[in-house]
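Okay, structure first, notes after.
Bear in mind that the values in this text are calculations on the coordinates, not laboratory data. Treat the numbers as computed from the prediction; the structure is a model and nothing was measured. Here the Cβ is made from the backbone with ideal geometry for all residues, glycine too, and neighbour counts use every protein chain on show.
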Amino acid sequence: MTTLNSVYKIDYVNIRLLILSCILAFIMPFELFLFAYGVLGPLHYLTEISWLHDKNYYSTDKRDVILLVVISFILTIVTMKNYLGLADLDVEYKYINRIIFIAFASSLFFAFIKNNLYKIIGVCIVILLSAVSDRLILVFSVFLPTLIHVFLFTWLFMFYGALKNRSTPGYLSVALHMIIPFILFYAFPNKQFVAITEYGKTAYTEFQMLNATIISLLNNSKPGDGDMVQQIFHSSTGIAVMRFIAFAYTYHYLNWFSKTKVIRWHDIPKSRSIFIVILWVISIILYGIDYSLGFKWLFLLSFMHVMVEFPLNYISFVGIFRELTGKGMKHSVN
C-alpha cells in the first residue's frame, strides 16, 4: 500500500508538471524549449543512459547495445561532418533514414530474442528490408528521434505505468498529456503572449528543420516554400507548432525526474554520480557560452540515448498489450 500511495503521489505531481509545462509553453515556447534542452536535457541523457546500463539496456544480451552505439556514432559523424572537417563526405538522406530504421527494427530482436544466431538472422533481415523505410522517411529520420521519442513514447510509458498500477490519477495524467497539444493549438489566439528574443531566434537555428517540416505538412507545402523563418517565428501555425514542441520536450524531461523514487536511477556509485554532475555542469557552461557549441558537444549523447532506449520501447509496447489483455508481463520497467 505504501508503494501504491507513492505512485499515486507521483501521478499527482505529474499532473501538476503537465499543467506547468503547458502554461510555460504557451507563454514563451522558444525560450522554454531552449532552457529545457540546454539545462534539463543533458542531465536526462546522462542519467537515463546510466540507468539503462544498469538494466542491461532491457536487452537479452548487454552486448546488443554495441550496434546501437555504433549507429549513433555513424549518424553523429554524418550530421556533424562540416564541423569535423568531413565536408566532402556525401551521404544521401535516405541512407540516414535506413540506418535509423535498422536500429529501431533490430531492437525488437534485442528485447525478446535470447538466441544470438536468431538475433543475427533478424538483424540481417532488417538490413535487407531497410529500403522499405524510404516510404516513411520523415517518420524515421525526423520524427522518431524527436517528437515520437519525447511525446509518443513518453505517453506510452505513462499509459503502461497507469495500467500496471491501476492508478486513477495515472489515467488522468495520460489523458491530459494527449489533450494539452490540442489546447496549445486551438484553445487560444496563437499570436498573443509569445516571447521571442533575438537570442532565442539565433539559438534556435539548430532546431528549425523540425518546425519547418511540421509547418510544411500542416500547410501542404514544401519546407523551402516561402519565408520559412517568418513562418516559424511569427505565423499562427509556427507559434502553435513551437508551443507543442516546447511542451513535449519540457514535460519529457520533467517526467523522467519525477520518477526518480520509483525507478531509482539515482542509486548509482558515487564516482559515477560525480562524473555525471561534472559533465552536466560542463554542458550547461558550453550552452551558456554558445548554444550552437553546446548542441554540437551533446549531439552524440542526445542521439545515443534515443537509440539505446529502443529495446525498452518495445517492452513497453508489449507490456501495454499484455496489461490490456490481462496477460501481465514478465519484464518490469521498474
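Tell me the relative contact order for the stretch 63-178 as a rounded percent, counting alpha carbon contacts under 8 Å between residues six or more apart. For the stretch 63-178, the relative contact order is 20 percent. Would you work out which of Val39, Ser50, Phe207 lies farthest towards the positive end of the dipole of the chain? Charges go on Cβ: Lys and Arg +1, Asp and Glu -1. Going by the charge dipole, the pick is Ser50.
In the stretch 2-325, Cα pairs under 8 Å separated by at least six residues give a relative contact order of 39 percent.
Sequentially through the stretch 256-262, phi angles give Karplus couplings (6.51, -1.76, 1.60; θ = phi - 60°) of 4, 6, 5, 8, 3, 6, 7 Hz, Gly and Pro residues having no value and appearing as x. Per-residue ellipticity at 222 nm, computed for the chain from helices alone with -39500 (n - 2.57) per DSSP H run of at least four residues, works out to -22500 deg cm²/dmol. Indicate the gyration tensor shape class of the stretch 39-153 (rounded, prolate or oblate), computed on the Cα atoms with a ≥ b ≥ c the square roots of the eigenvalues: a/c under 1.5 is rounded; otherwise a/b larger than b/c is prolate and the rest oblate. Oblate, since a/c reaches 1.5 and b/c is not below a/b.
Could you size up the charge dipole of the stretch 1-61 around its Cα centre, putting +1 on the beta carbon of Lys and Arg and -1 on that of Asp and Glu, and report it in debye to the nearest 20?
220 debye
Arranged from fewest to most other beta-carbon atoms within 10 Å of their beta carbon, Ser235, Ser221 become Ser221, Ser235.
The dipole here belongs to the stretch 2-325: it is taken about the Cα centre, uses +1 on the Cβ of Lys and Arg and -1 on the Cβ of Asp and Glu, and is about 940 debye.
One decimal place: the segment Val132-Ile120 gains 2.4 nm when fully extended, by the rule 0.36 nm per residue minus the C-alpha distance.
Note on mean projected area of the Cα convex hull in nm²: of the candidates (1) 18.3; (2) 22.1; (3) 17.3, the value calculated from this structure sits at (1).
Could you sort out which of Lys55/Lys270; Lys9/Lys296; Lys55/Lys119; Lys81/Lys261; Lys9/Lys55; Lys62/Lys270 sit more than 29 Å apart by Cα distance in this structure? Display every interim value, and only then the final one.
Working: Lys55/Lys270 18 Å; Lys9/Lys296 38 Å; Lys55/Lys119 19 Å; Lys81/Lys261 40 Å; Lys9/Lys55 25 Å; Lys62/Lys270 23 Å.
Too far apart for the 29 Å limit: Lys9/Lys296; Lys81/Lys261.
Would you please classify the overall shape of the stretch 221-296 from the alpha carbon gyration tensor, given that a ≥ b ≥ c denote the square roots of the eigenvalues, rounded means a/c under 1.5, and beyond that prolate means a/b larger than b/c while oblate covers the rest? Taking the square roots of the gyration eigenvalues as a ≥ b ≥ c, the stretch 221-296 is oblate. For the stretch 18-55, backbone nitrogen atoms closer than 20 Å to the point 7 Å from Leu293 Cα along Cα-to-C-beta are found at 34-43.
The slack between Thr79 and Lys201, meaning 0.36 nm per residue of separation minus the straight C-alpha distance, is 41.8 nm. Per-residue 3J(HN,Hα) values for the stretch 8-16, derived from phi via the Karplus relation 6.51 cos²θ - 1.76 cosθ + 1.60 with θ = phi - 60°, read 4, 4, 5, 4, 5, 4, 5, 4, 5 Hz in sequence order (x marks Gly and Pro).
Result for the chain in a Gaussian network model with C-alpha springs under 10 Å: among Phe321, Phe143, Phe151, the largest mean-square fluctuation is at Phe321.
Fewest first, what order do Ile274, Ile121, Ile239 take by the number of other Cβ atoms within 10 Å?
Listing Ile274, Ile121, Ile239 from fewest to most nearby Cβ atoms yields Ile274, Ile121, Ile239.
3J(HN,Hα) couplings calculated from phi for the stretch 232-243 with the Karplus curve 6.51 cos²θ - 1.76 cosθ + 1.60 (θ = phi - 60°) are, in sequence order, 5, 9, 10, 7, 4, 5, x, 5, 4, 4, 5, 4 Hz; Gly and Pro show x. Exposure proxy ranking for His53, His305, based on other Cβ atoms within 10 angstrom of each Cβ and starting from the fewest, stands as His53, His305. Within a straight-line Cα-Cα reach of under 20 Å, Lys201 can be paired with the following aspartates and glutamates, leaving aside sequence neighbours fewer than 8 residues apart in one chain: Glu31, Asp225, Asp227, Asp290.
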